[in-house]
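The values are calculated or read from the model by the stated rules, or taken from the named source; none is laboratory data. Just so you know, these numbers come straight off a predicted model, no measurement behind them. Every residue, glycine as well, gets a Cβ built from its backbone with ideal geometry; the counts of neighbours run over all protein chains shown.
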Amino acid sequence: MMETALITALCRPIFTKGVSIAWENRNHLSLYTKTRFGKYKDEYIRFSLSGLYKIQIPDSNKYLLVLNRRIENQLQPVGGVYKRFGDESLFNGWGYKPDNSKNGLDVDEFSNTDLRFMVKGKYAIEVLNWYESQKSRETEPKREFKEELLDTNILDKQTFSHFGQQLMRRYSTDLQWSDFFGCYEILVYDVFELLPNEEQKKGLLELADKGTNLSLGYAIVSCDDIEQLRLMEKGKQIARIGKHTQLLINKDLKR
């Protein structure tokens, strides 16, 4: 009983309002013991902390997706990893490593502050608490919305310069092994729903009428396409769809 009470007290910060980061999975009670006392304590764990937009075509079961700028021929929601601000002291205290080509997507001058990084397991709870505090980081993916939809002229800059949104859900994976990156990782996604006004609804309908245009970097996909994680045309797959896109249709990311 005393041991249970101690763990509960130590973990309480991550189960405050915060852990709406869970805590849909309800598995993060075990994360504390795994990473503070278990075999993952000194194991490097990769984090990817992102915000996504659910952009639904009005009065339909279709959604606007864009091509991933790093993974060839993969469609996904508008959005991506957040950026951090401020000095390096907190992250250096965790002994963090930026993403690299072996265990991640590497970094360049444009992505060196992306919240895609590795720390030792014993700091995992601290990372999640920091994320939940919303300090010194982006808290919504509006920068990505601008870069992916407005700067590319997929949507009209003036019409969509301001828009409404609401946070639908926050989803976190449990500690899991990634075959692709060859390491353990934790993925956190904030899913925002675009709340278009009447003029913006008209713009989305007009874009949907034009249909998918991969050469311009976007696609209009159905709920079934997202379920199947692929976009088909005339019986041929023309693009795959990233698994995290299923968060838009209220599915969890089962391995």
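Residue-wise test of (1) over 20 Å from Phe163 (Cβ atoms); (2) under 24 Å from the mean Cα position of the chain (by Cα); (3) basic (Lys, Arg).
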site	(1), (2), (3)
Glu193	no, yes, no
Leu204	no, yes, no
Leu214	yes, yes, no
Asp224	yes, yes, no
Arg230	yes, yes, yes
Filter result for Glu43 (surrounded by fewer than 17 Cβ atoms within 10 Å (Cβ to Cβ) and either farther than 17 Å from Leu205 by Cβ or out of contact with any strand residue (DSSP E or B) (no Cβ under 6 Å at 6 or more places or on another chain) (or both)): no
Test: residue in segment 130-146 that is in contact (Cβ under 8 Å) with a residue 24 or more places away in the chain, among the hydroxyl-bearing types (Ser, Thr, Tyr) and within 24 Å of Ala219 (Cβ to Cβ): no
Residues that are surrounded by fewer than 16 Cβ atoms within 10 Å (Cβ to Cβ), part of a helix (DSSP H, G or I) and not acidic (Asp, Glu), drawn from segment 222-242: Cys223, Gln228
Residues that are more than 17 Å from Leu64 (Cβ to Cβ), surrounded by fewer than 16 Cβ atoms within 10 Å (Cβ to Cβ) and of a type in the set (Gly, Ala, Ser), drawn from segment 162-200: Gly182
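Do the conditions hold for Ile154, that is, is it within 20 Å of Lys41 (Cα to Cα) and aliphatic (A, V, I, L, M)? So that I can check it myself, show each step before the final result.
Working: within 20 Å of Lys41 (Cα to Cα): no; aliphatic (A, V, I, L, M): yes.
Judged against the criteria, Ile154 is not a match.
Take Lys41 and decide whether it is of a type in the set (Lys, Arg), closer than 19 Å to Glu148 by Cα and at pLDDT 90 or above.
On the way: of a type in the set (Lys, Arg): yes; closer than 19 Å to Glu148 by Cα: no; at pLDDT 90 or above: yes.
No: the conditions fail for Lys41.
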